[in-house]
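What follows is a set of notes on a single structure, which appears directly below.
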Amino acid sequence: MKNILRSWTGMGAQDADGNASVSVIRSNDAAKRLELLDDFEQAGISWLWATDADGRLVYLSGNAAESLDKPLEEMLGRPLVEIFETDPDSPGGSTARPLNFQLTARNKLVDQTVRLTVGRSKHEGRQTWWSLSGHPKFDKSGGFHGYRGSAKDITTEYERQLEDSRLAEYDSLTGLANRHRMNKRLESILASYKATNRSCALMMLDLDRFKQVNDTFGHPVGDDLLKQVAKRLQRVVGHRGEVGRLGGDEFQVILPDIDDRGKLGELAGKIIQVVSQPYIIEDKRATIGTSVGIAISPYDGVHKDDLIHNSDLALYASKNGGRGQFRFYSADLKDEAEERRIIEEDLRVALAEEKLELHYQPIVRTDDNMVVVFEALMRWTHPERGYIGPNVFIPIAEESDLILKLGEWALNKACVDALAWPESVRVAVNVSAAQFTHSEFADTVTQALQVSGLEPGRLELELTESVFMGDSETVEETFRTLKKLGVRLALDDFGTGYSSLSYLRSAPFDKLKVDRSFVDSCTLKDQNSDKIIAAIIGLSEALGMEVTVEGVEAFDQLDVVKSKGARYIQGWIYSKALTQDTIVERMKSGEFRIEPDGPDRHRGERRSVFRRIGVIHDDHRYDALMRDLSKTGARIEGLVGVSVGTDLVLDLGGGQLVVCTVNRSHDATFAVEFETPLVSDGAGGLCTRHRASPYALAAAGMKIDTGPNGKSSNVVLLNPPTTKPQFMEVTVNKTQGAGGF
């Protein structure tokens, strides 16, 4: 130990001749210096430490060991890097050189922050932080003798620094990363991923009806709700990404290395379901929802601002699509606001000029195939656009007061039309949450019954769980008034929410309607949909409720749901929605019996589309027209000479390349089966799970055609071959069909 102290005091220093250097230090000066070092250590201002050439601790001030509540003998002889570690959580800790690297490189240490544990157990002790300084010790021949240095406890100031850093980068209410940290994180990821062609998804969320909760119950309840939302989001996202709160009710999720839109859609759907579960805060019950917008780099932008902007556009589209939904970004979203404004104006005109219609789809009793109920469905044929589905215009109406006027019109017309049917047949009318929670809704129902003269028991009001997301007292009062009035209540889309059972306890429903999503997959062996249908039917019977199973289209589905006890069925296997004139004509006999008629086996949902696409075969690319589309295949027109078994790649635009095989062909029309099924795009359409990266397309010798908005459109070959193509392109009928990709 004396040798180590001599290295600080200068004892043993020699001149060039090897004699003691009296001019450097005298023996009495050395004693004073040792005394000074002892006083310095006792004062606790700083401590001294030293290592040998192998990095083992050979000296440490006694007070330092006492402050760590560890015997000095236990620490001496241990490698310094086992006692101290660079704190990865420190500000700048991710960029600081590890202590082991510094010592191995024999660098000078200057105020290096290290972390260590107070107490004998690393798991039971508390954390403390020191600042280490030191320099490597060499002899005249260059031999390394270890480190000599000093240390001081900086725990108090360091914890204050950590707290300041946390406040600067984390939301004080929820503990999530704040906007500043999320921006830095996203920018860093995109910059590093660009060089390696990796992907990163960004989700933008905001809460639906949060302002209503905040205004109704007060800000403390609103703050508590935000904390619970943050915990739910972290639980759902888990290790897959980082969740942040941008402010207010806005949240963001960064998901590195995920570009599978199937997985992203599933995650977004789960987020929506989990966030929409009721919140119990003190003695209050609040229910909100959320909408999600998704953009993926590099397809939807390679820079932070572009990706944030595009995910915001997707979020806006999901909110305008009816809320409680997710949307992927597409270049078409830029014009959506103007498109919605035009549709809303045209819808007002159509309602004022009575251009809307109600069609009625029958609900059939399976015992005798008799119609017992007709569900009223709104239809609109635009003079220029043609048929516009309710999935398009109803969400637009719900964003304004127009939904109240539409709902009142539908209710009055349905009651009047039902008078022309046998008294044994009821009419069902869909009611939006905005209508149901309106203070005058019960009066609107009463007036519709009085004006038409329809018996209250022949009117069914179909509601969804969203009605419970309003003010609970208003909802309960409306339920009581309607039941006194004598109308029937049905809970639609049952089974798709997390909290349906709680509603059955508190709301007087007469009927449950099993959502068609269970019917679509009830014939698949690897799904539990048939068991869920059976459970819902059993539950409803125990509660004395009717059950209607929706969406039955094929005999294999019919057989399954009937075997599970279904007595009332609605679906195309019996009939599509009919006009009032057709119903009256067919009911002249006094009853309406429908025999089931449909395909033997259920096929995946097909959409009628009209979309120009590219068909790639070998080194050739052709223009063609897609007419029908499902998750597993498509019907295409415009090419002659395409034989069954031909392998093709369809270019659907925006980097969406689909590998497929021709399974049917006739003249200029052929059908293909996809190698990988498409997935939902969140807007009622379909999209590929993955997209070809712009980098990969460029590397493959392709370029991206850009439309007038500058966004990716179609893939074309940079150097198309000059040899005669295998297929011949022909002109096809350009009459636009319904729907779209």
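Overview of results
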read-out	value
Count of residues meeting criterion [closer than 30 Å to Gly655 by Cα and either free of Cβ contacts under 8 Å to residues at least 12 places away in the same chain or crowded, with 18+ Cβ neighbours inside 10 Å (or both)] in the stretch 264-280	7
Out of Leu406, Leu402, sole residue that is surrounded by 20 or more Cβ atoms within 10 Å (Cβ to Cβ) and within 18 Å of Thr444 (Cα to Cα)	Leu406
Enumeration of residues in the stretch 539-566 that are open to solvent by less than 30 Å² (accessible area, probe 1.4 Å), of a type in the set (A, V, I, L, M, F, W, C) and within 22 Å of Glu462 (Cα to Cα)	Met545, Val547, Val549, Val552, Val561, Ala566
Filter result for the condition that a residue is closer than 30 Å to Val649 by Cα, at pLDDT below 90 and part of a strand (DSSP E or B), over Arg603, Arg611	Arg611
Residue among Arg612, Arg601 that alone is surrounded by fewer than 17 Cβ atoms within 10 Å (Cβ to Cβ), without any contact (Cβ under 8 Å) to a residue 24 or more places away in the chain and within 36 Å of the chain's Cα centre (by Cα)	Arg612
Residue that is nearest to the chain's Cα centre (by Cα) [pool: residues in the stretch 555-570 that are part of a loop (DSSP other than H, G, I, E, B) and closer than 19 Å to Gln361 by Cβ]	Ala566
Lone qualifier among Ile536, Ile569 - being crowded, with 19+ Cβ neighbours inside 10 Å, at pLDDT below 90 and within 21 Å of Thr523 (Cβ to Cβ)	Ile536
Residue within the stretch 338-347 that is buried (at least 20 other Cβ atoms within 10 Å of the Cβ) and modelled with pLDDT of 90 or more present	yes
Test: residue in the stretch 681-692 that is of a type outside the set (Phe, Trp, Tyr), more than 30 Å from Ser517 (Cβ to Cβ) and either modelled with pLDDT under 90 or more than 34 Å from the chain's Cα centre (by Cα) (or both)	yes
The listed residue being open to solvent by 90 Å² or more (accessible area, probe 1.4 Å) and either free of Cβ contacts under 8 Å to residues at least 60 places away in the same chain or touching a Lys or Arg at 6+ places or on another chain (Cβ under 6 Å) (or both), out of Lys184, Lys152	Lys184
Subset of the stretch 572-584 [crowded, with 18+ Cβ neighbours inside 10 Å, assigned to a helix (DSSP H, G or I) and not aliphatic (A, V, I, L, M)]	Gln580
Criterion: within 14 Å of Asp208 (Cβ to Cβ) and either free of Cβ contacts under 8 Å to residues at least 40 places away in the same chain or among the charged types (D, E, K, R) (or both) - qualifying residue of Asp257, Asp283, Asp305, Asp249	Asp249
Residue that is modelled with the highest pLDDT [pool: residues in the stretch 394-409 that are under 29 Å from the mean Cα position of the chain (by Cα) and in a helix (DSSP H, G or I)]	Ile403
Any hit, the stretch 633-643, residues being at pLDDT below 85, buried (at least 19 other Cβ atoms within 10 Å of the Cβ) and not in a strand (DSSP E or B)	no
Lys588 vs. criteria part of a loop (DSSP other than H, G, I, E, B), under 36 Å from the mean Cα position of the chain (by Cα) and surrounded by fewer than 16 Cβ atoms within 10 Å (Cβ to Cβ)	no
Test for Lys227: is it surrounded by fewer than 20 Cβ atoms within 10 Å (Cβ to Cβ), farther than 17 Å from Met182 by Cβ and under 11 Å from the mean Cα position of the chain (by Cα)	no
In the stretch 68-86, residue farthest from Gly134 (Cα to Cα) [restricted to those that are open to solvent by less than 40 Å² (accessible area, probe 1.4 Å) and not in a loop (DSSP other than H, G, I, E, B)]	Met75
So Arg323, is it among the charged types (D, E, K, R) and touching an Asp or Glu at 6+ places or on another chain (Cβ under 6 Å)	yes
Cβ pairs under 8 Å, 6+ apart, first in the stretch 446-469 and among the β-branched types (Val, Ile, Thr), second open to solvent by 30 Å² or more (accessible area, probe 1.4 Å) and modelled with pLDDT under 90	Thr464/Asp493; Val467/Thr437
Odd one out for Ile396 among (1) among the hydrophobic types (A, V, I, L, M, F, W, C); (2) touching a residue at least 40 places away in the same chain (Cβ under 8 Å); (3) open to solvent by 60 Å² or more (accessible area, probe 1.4 Å)	(3)
Val672 buried (at least 20 other Cβ atoms within 10 Å of the Cβ) and part of a strand (DSSP E or B)	yes
Residue under evaluation Thr117, criteria (1) surrounded by 12 or more Cβ atoms within 10 Å (Cβ to Cβ); (2) modelled with pLDDT under 65; (3) on the phi < 0 side of the Ramachandran plot, criterion not met	(2)
Flag if Arg166 is under 30 Å from Ile294 (Cβ atoms), open to solvent by 60 Å² or more (accessible area, probe 1.4 Å) and at pLDDT below 90	yes
Scope the stretch 187-209; condition open to solvent by 40 Å² or more (accessible area, probe 1.4 Å), within 22 Å of the chain's Cα centre (by Cα) and either of a type in the set (Ser, Thr, Tyr) or at positive phi (or both); matching residues	Ser188, Arg209
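The values are calculated or read from the model by the stated rules, or taken from the named source; none is laboratory data. Note that this is a predicted model, so its numbers are computed, not measured. Glycine gets a Cβ as well: all are built from the backbone with ideal geometry, and neighbour counts include every protein chain shown. Heavy atoms of the whole protein, side chains included, go into the accessibility calculation; ligands, DNA and RNA do not. Shrake-Rupley method; radii C 1.70, N 1.55, O 1.52, S 1.80 Å.
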